[in-house]
Amino acid sequence: MPDQQVAGEAAPLAWPVGARALAWRPGSTAERLGLTCLAAAGASFVYPALSRTTGLQAPCLLRLLTGIPCPFCGMTTAATSLAAGEPAAALAANPFVLVLVAFTGLMAALMLARALGLARPPTPWAPASRRAAWSLGVVLAGASWLFQLHRFGLI
């Protein structure tokens, strides 16, 4: 019987009272994107030292193969510049990094509130809200691409 403890075996671990919040997992796409942004923020502090030490770079493959920058070109430079405390250099590389910083901060606060039980769990978005979010993402990516094309003198 699986519920009974066999003599000589350790008792199964039980969650302590109140530890339910510790078992929190991201439940929405926005939270998963927020976690990805938090990981990227951490990498922006590590990447410059790693790049100096190893000589490895993270080039934009589209720009490398075609000469055309992608909408996210400059994002690594912008993130590492922000991490180094150089906001002017970050904005010159890709001003849309501020959108990601705001989103990351908002999602980090929301995820912490949910993990502590202070905010309710996510609910599915209505189709109209999903379309609006996708539309906003497309508009921001398009604006970023126009900025990059201008920055590299292609328009």
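Readers should treat all values here as calculations from the given coordinates under stated rules, not as data from a laboratory. Just so it is clear, the structure is predicted and the values come from calculations on it, not from any experiment. Cβ atoms come from the backbone with ideal geometry, glycine included; neighbour counts cover every protein chain shown.
Annotation: extensible slack from LEU116 through ALA89 equals 6.1 nm (criterion: 0.36 nm per residue apart, minus Cα-Cα distance).
Placing a pseudo-label 7 Å from each Cα along the Cα-to-Cβ vector at ARG32 and LEU56 gives an inter-label distance of 2.5 nm.
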